[in-house]
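Novice: Sharing a structure with you now.
The values are calculated or read from the model by the stated rules, or taken from the named source; none is laboratory data. The shown structure was predicted, so the numbers you read here are calculated from the model rather than taken from an experiment. Surface accessibility is based on the protein's heavy atoms, side chains included, excluding ligands, DNA and RNA. Shrake-Rupley method; radii C 1.70, N 1.55, O 1.52, S 1.80 Å.
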Amino acid sequence: MRTLPMQRIGFAEGCRSHASPIWRVPEDIISTIFLINLPDVFEEGEPGMSSKHSAVAASHVCRDWRRLVLNTPLFWSSLHLRIPGFGEGKSVEDTVKRFGSELEKCKGVVATWLLRSGSCPLKLRVDSPYVPQYCIRAHSQLHTVLIDLIYASAYRWKHIRFNFFLRTAHMLRLLEIAPKDVPLIETIHAELYPLQGYDTSAILDKGLFRAPSLRVLHLNPWRDILARELKGLVWTSVTDLHVDTVTKRALGPVAFDDSDTPFTSSHQVLELLRAFPNLVRGSFYLEWEDEHTYAKADTPVVTLRHLKALTLEGYPPCRGFASRLLLPSLRTLEIRSDLSRELEWPISRMGSGLVELIEHCGEDLDSLTIWQESLDKDALGHCLTYLPNLEKLRILETKHDLVFGFFGSCGFAQTKDIYLLDRLSQRFQSPGSLIDEALYLPKLQVLEICLHNCSGDHIEKAFVAFIIARRKCFDSGMGCIRDVHVTLHRRGNVDIVQELQDVDAGANFDNFVLRITAPKGS
């Protein structure tokens, strides 16, 4: 008798849940919500093919949702396969056993995911850390079956990312697949580490990288790929190329010494650009080159008529690099430092490769990103006169603190910041004119900048004066800044917002956005 009231309560709760508005939402709306919340397998930290995956979690809520999820192939069309790496067994036998057990689980999960995805195009990511050869030999058949499962779905690959060591011929087979067998591929992210016994010097010439529909190519290649001669090789379908020869992922307990670190010179970047004539966006890592290095005189000019955005990371290009490029459509240029390592960045002065690049391309640019310390004061002022159409300027701060031994004192940075703000607040004498009539960066609308306040309130006053000067141009529209994001290295005594609110100098602040970031407690 005591259980009867509890049963009635349970029945009432069940009725209440079925009356919830969620049950009146059409299935197509629920499916759309689920699809929006699916993890991106290309991003770090997502759950992969596990019980934490949103599709799996949703299928465990109720019978109706489970039916919906299992009957919607799109929920299962993104696969992130993590092939087990080096285990932590107490002995070799234990390590081999653990590896085989994990491999068996992977095989079952991959088979289930592929079956549920039906005939949908696939977004596939395969991660495989370093695995001892004795583990591979002990479970070679099981490892082969797993790779074969992936290989068999190649006709459905659309976006793929491979991060692994080329330990077996079967893994190399994933790269050597015939182009006709991967007709849907549009995106390839390849971060690959060849080990002894495999010739990968011509890996870009064949197979996967020659897919007919390939549009986006991200390479974190090894030395052999970029060391070989690229003349005669052309990829006409690729519009986005990103080559990062430094970043190495934590794939296992294998140390890479300096001799194994790949290298990309300015000359190699020119050869890469030549091989991809229809690029729209390109990103490359540049290693250090001596300031006396000059682009090879016999290097033909590279013409890229469709390139709109170019990013150079690491170090600035060598002298003469810009003169070897013809980029009539370039609108966005980013020069970034390598924030993953402590570097002694060479400050670019007049005549440097970076200054030449801005002189060469500046007139057509509408967006420029540079590191805060990349140009000295004179070079910075010089470059400002070559950017008449620039609408967005980003001057980023390195994540490292000021390298005092190389850049000088904090006061050096503050002096240059004030110099930049003063220049952007005034007009300069344009060529052929006897009066100061041309505004520095006359079309500037968006500014992102880091300012160093080392003493006093000089930097804040210069910043306020800059905003007032630019907002006075509101009626004409020319040079009227509309969006400013400033990062203060240290907050001073001046309240910038209050100063702007109190000012009465004819400045119009309608449709103006100001964001200030400052260290906590400063």
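Novice: Enter the per residue convex hull volume of the stretch 78-149, computed from alpha-carbon coordinates, in Å³ rounded to the nearest integer.
Specialist: Details: hull volume 5.4 nm³, N = 72.
Convex hull volume per residue, Cα atoms: 75 Å³.
Novice: Still on this structure, please answer the following. Can you pick out the pairs among Lys377/Lys461; Lys107/Lys206; Lys296/Lys416; Lys392/Lys416; Lys416/Lys461 whose Cα atoms lie more than 22 Å from each other?
Specialist: Beyond 22 Å between Cα atoms: Lys107/Lys206; Lys296/Lys416.
Novice: What is the extension gain from Ser101 to Thr303, computed as 0.36 nm multiplied by their sequence separation minus the C-alpha to C-alpha distance, in nm to one decimal?
Specialist: Full extension from Ser101 to Thr303 adds 67.4 nm.
Novice: Could you pull the Rg and Dmax for the stretch 24-69, using just the Cα atoms, both in Å?
Specialist: In Å, with Rg to one decimal and Dmax whole: 11.3, 35.
Novice: Just the number, please: Stokes-Einstein D of the stretch 262-306 in µm²/s, Kirkwood Rh from C-alpha pairs, 20 °C, 1.002 mPa s.
Specialist: Numbers: Rh = 11.7 Å.
Translational diffusion coefficient: 183 µm²/s.
Novice: Over the heavy atoms of Tyr294, what accessible area does a 1.4 Å probe trace out, to the nearest 10 Å²?
Specialist: Taking all protein chains as shown, Tyr294 has close to 130 Å².
Novice: Given a 1.4 Å probe and heavy atoms of the protein chains only, how would you sort Glu44, Glu313, largest accessible area at the top?
Specialist: Details: Glu44 105, Glu313 65 Å².
From most accessible down to least: Glu44, Glu313.
Novice: Would you mind calculating the gained length between Asp502 and Thr517 on full extension (0.36 nm times residue separation, minus the Cα-Cα distance), in nm to one decimal? Before the final figure, lay out each step's value.
Specialist: On the way: separation 15, 0.36 × 15 = 5.40 nm, distance 2.10 nm.
Residue separation times 0.36 nm, minus the Cα-Cα distance, leaves 3.3 nm.
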